[in-house]
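Read the structure below first, then the notes.
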Amino acid sequence: MSAVTSDGATLRAFADLVLLAAEECADEVVPVVLAVVGGVLSEADPGSVQLQQPGAGQDLLWATFDGRRMVFRYNVMTAMIELRDGRTDGHPSRQFGRRSLAMDIVNFFGALRADRKRAP
């Protein structure tokens, strides 16, 4: 994994890579990328955001939420950002896309915020 310069710079690099890969459907993907990047920036454990680049179109964004390591990956075939819990293979835990954007963003990132508010 690459060294983190800052969570913001790493998130911007991930957004740039996703938008480059989504060139043909960028209008649909821009709101998804902005929402996911904003959610990660506000809810991830500080300093936990890292970008892994195994190959073209397979850029992985790792972040930790309350001690749980998660990975985000843009799927060019579905034009969705996939979320997996601590692994890069298998079925995604969540998919963020233009049709499910508001509900999925609130259900994932909003639940993290609510859990944090309840913690002593």
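Of all residues in the stretch 64-96 being of a type in the set (A, V, I, L, M, F, W, C) and in contact (Cβ under 8 Å) with a residue 40 or more places away in the chain, which is surrounded by the fewest Cβ atoms within 10 Å (Cβ to Cβ)? If we take residues in the stretch 64-96 being of a type in the set (A, V, I, L, M, F, W, C) and in contact (Cβ under 8 Å) with a residue 40 or more places away in the chain, then V76 is surrounded by the fewest Cβ atoms within 10 Å (Cβ to Cβ).
Remark: pairs (first residue in the stretch 23-37, within 21 Å of G110 (Cβ to Cβ); second residue among the β-branched types (V, I, T) and surrounded by fewer than 21 Cβ atoms within 10 Å (Cβ to Cβ); Cβ separation under 7 Å; 6+ apart in sequence or on different chains) = A35/I105.
Would you mind listing the strands (runs of 3 or more DSSP E) fully within the stretch 37-112 where at least 3 residues are among the hydrophobic types (A, V, I, L, M, F, W, C)?
On the way: elements: 50-52, 60-65, 68-75, 80-85, 94-96.
Qualifying strands (runs of 3 or more DSSP E): 60-65, 68-75, 80-85.
Here D59 fulfils each of the conditions (1) closer than 21 Å to R87 by Cα; (2) at pLDDT 90 or above; (3) surrounded by 20 or more Cβ atoms within 10 Å (Cβ to Cβ) apart from (2).
The values are calculated or read from the model by the stated rules, or taken from the named source; none is laboratory data. On a predicted model such as this, the values are computed, not experimentally measured, just so you know. Reconstructed Cβ throughout: ideal geometry from the backbone, glycine too, with neighbour counts over all protein chains shown.
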